[in-house]
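Structure first, commentary second.
The values are calculated or read from the model by the stated rules, or taken from the named source; none is laboratory data. Because the structure is a prediction, the values reported are computed rather than measured. All Cβ positions, even for glycine, are placed from backbone atoms using ideal geometry, and neighbour counts span all protein chains on display. These accessible areas exclude ligands, DNA and RNA; they are computed on the full protein's heavy atoms, side chains included. Shrake-Rupley method; radii C 1.70, N 1.55, O 1.52, S 1.80 Å.
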Amino acid sequence: MRELKKENAKVIFLSLLIFIGFLILLMRIAYLQLIGRTEYVEKVVEKFPKLALVEIPSYRGSIKDRNGNELALSLPTISVYAFPKYTQNKEELASRLSAATHVSEKAILESLNKDRKFVWLIRRADKELLPYIRGVIRDTDNTKSVGIQEDFKRFYPHGHLASNLLGFCGDDGRGLEGLEYMLNSFLDEKGKKVPFLLSVGAGKLALEPLSSEQVLKSKTVYTTIDLGVQSILEDIRDQIVKDWRPKRVSILLMDVKTGDILGMTTYPYYDPNNYQNYSTWERRNFVVTDIFEPGSVMKPFFLGMALERGYISENYVVSGEGGKTEVYGRIVRDIHPYGNLTLDQVLIKSSNVGMVKIAKFLSRKDVEDLMERIHFKSTFGVLLGETKPKLPDYRYPANILYSSIGQGLSANLLNLCSAFSLLATGKMVKPRVILYVEDAEGRRTYYQPEVLRDHLFSQRVMSWLHKNLIRVVEEGTARLARSDYFTIAGKTGTSQKFDFKAGSYSRDKVVAYFVGYFPATDPKFVAGISVDEPKGGAAYGGTVAAPYFKQMVERVAAYYRLEPDKVQKSPSNVWREK
């Protein structure tokens with residue numbers, strides 16, 4: 001009996017050893033197939049002087065506007081490679097390749113003289129050069145050591161259009177900035193490593209073939225951008241630059257009901273086809289990456305909160321004190337001296353003195369609640385590089401007063417436009433820049449609008465603000481934004497930039513704003529213009545930004561064939577009708 005048990009134990013032990021060995025073998029095979037294949041192949045290739053494993057960029061999917069117009073695409077190109085040790089007539093080869101491709105002869109020779117198994121001589125040359133380069137390789141007796149690989153380069157057919165939003169791709173075909181970087185995982189950017197073999201018998205180079213199906217299989221991204229709107233915004237930007245010679249310009253236009261970013265532009269800008277020629281500064285997307293004090297653009301929100309809490313009524317009258325008042329040891333001024341001001345006049349005339357007096361009613365809790373409502377406590381997470389609004393410590397009453405006139409807090413233009421969408425419709429829809437993604441088989445995945453806020457103030461307060469934001473344009477500080485055809489609601493802002501060397505706000509350096517929505521009787525779009533450090537003349541939001549906002553409204557409305565609303569409805573009744 002004991003012998004039988006011992007025999008069974010031996011059988012079980014041997015079976016276990018065989019099972020473990022078999023399991024180890026399976027794991028090794030799986031590793032080589034799924035994980036370690038490339039690493040294993042690379043180790044093998046290293047031992048062969050006439051074999052190289054090189055990564056070839058795959059075809060990168062297109063980025064298009066909402067109507068299917070190409071914004072970024074991949075074009076077929078050719079690259080020339082060589083095995084330097086076996087290359088003949090290097091000087092002639094370098095000279096003739098340089099003549100056709102504009103790559104310097106010196107650079108080609110340096111590559112050919114490197115102590116390396118495999119080198120690239122020319123990257124992403126025009127495919128039309130293929131017959132010529134084949135002839136050069138043949139004429140220099142290099143058919144065994146120099147070859148041509150078909151690949152792709154990223155191309156932006158509209159040059160600088162939407163460049164600071166789109167970003168660009170590097171030589172390896174991967175996105176480095178902007179949407180190109182953000183969409184790397186969507187666009188199948190990963191290249192494929194293939195073996196290049198020096199052929200000594202057949203008189204040609206051999207490599208693992210890539211079928212056209214493998215190469216072209218990719219996704220396409222459709223953005224919310226409308227190429228027509230984008231062109232309008234960029235033309236207006238150029239007019240601002242010509243007239244005011246600013247340091248920076250940012251313009252944004254969104255669909256107020258879906259959050260779709262229809263156009264976004266900045267100055268400076270660049271050509272992503274030649275991104276190497278531009279500085280990092282010129283490639284920034286200032287709409288989201290940089291924050292500034294918004295100035296008087298904040299007044300409607302603080303006025304609305306005071307009305308919402310019932311601290312004041314629409315009939316409230318405040319003293320303008322002749323245009324200046326002291327706020328915690330600092331003088332706050334108005335552009336013009338005012339006496340008594342009604343509440344609507346504080347907004348329409350954009351009185352700083354009147355505003356800080358009204359803001360004294362607000363508590364820390366009131367202001368923190370307001371910042372939460374207008375989404376000033378976080379980013380939207382829509383674009384890379386978004387900068388979170390910067391808020392002061394509202395435990396100190398002085399910060400509440402200064403914030404009411406847009407000082408001491410900072411935000412980007414995307415934040416301001418989204419906040420104004422609340423004034424337009426009572427809802428804030430999360431901004432979006434991707435409309436849908438289409439895979440290689442044509443299946444679409446849509447990105448649905450997401451409502452972030454569905455309430456700002458009561459209908460009574462919203463109606464009052466709406467009516468008076470229209471009056472800001474019709475009779476107030478933004479009269480230069482007034483259109484004869486479309487009703488516009490909005491607010492100007494002129495923010496003095498803080499001079500850290502002087503320890504005070506600069507008198508010369510300002511950021512001028514206009515943020516608003518249109519047509520005001522049935523808001524469809526919200527937009528903003530920000531001009532940093534305009535030069536020449538009286539630089540205020542009402543002079544630097546407002547006139548160009550009017551142009552934008554009329555041109556965008558014409559593009560979308562909107563009917564003028566000034567002859568159809570009384571704009572002051574829009575909130576009453578809802």
Q.
I'd like to check which strands (runs of 3 or more DSSP E) are fully inside the range 140-203 and have at least 1 residues that are modelled with pLDDT of 90 or more and under 15 Å from Ser74 (Cα atoms).
A. 146-155, 175-177
**Q.** Residue count for the range 419-446, restricted to those that are in contact with a Lys or Arg (Cβ under 8 Å, 6 or more places away or on another chain), of a type in the set (Gly, Ala, Ser) and assigned to a helix (DSSP H, G or I)
**A.** 1
Q. Can you name the strands (runs of 3 or more DSSP E) wholly within the range 483-570 that have at least 1 residues being surrounded by fewer than 16 Cβ atoms within 10 Å (Cβ to Cβ)?
A. 489-499, 504-518
Q. Quick check: anything in the range 436-443 modelled with pLDDT under 95 and either of a type in the set (Val, Ile, Thr) or closer than 25 Å to Asn415 by Cβ (or both)?
A. yes
**Q.** Counted residues, the range 427-448 - those being within 12 Å of Thr224 (Cα to Cα) and surrounded by fewer than 13 Cβ atoms within 10 Å (Cβ to Cβ)
**A.** 2
Q. Has the range 327-334 got any residue that is at pLDDT 95 or above and touching a Leu at 6+ places or on another chain (Cβ under 7 Å)?
A. no
Q: Sort through Leu97, Leu75, Leu71, Leu109 and tell me the only one that's touching a helix residue (DSSP H, G or I) at 6+ places or on another chain (Cβ under 9 Å) and surrounded by fewer than 16 Cβ atoms within 10 Å (Cβ to Cβ).
A: Leu75
Q) Which one is nearest to Glu177 (Cα to Cα) among residues in the range 243-288 that are touching a strand residue (DSSP E or B) at 6+ places or on another chain (Cβ under 7 Å), open to solvent by 10 Å² or more (accessible area, probe 1.4 Å) and in a helix (DSSP H, G or I)? A) Arg283
Q. What is the number of the single condition among (1) open to solvent by 40 Å² or more (accessible area, probe 1.4 Å); (2) in contact with a Gly (Cβ under 6 Å, 6 or more places away or on another chain); (3) not in a helix (DSSP H, G or I) that Gly406 does not meet?
A. (1)
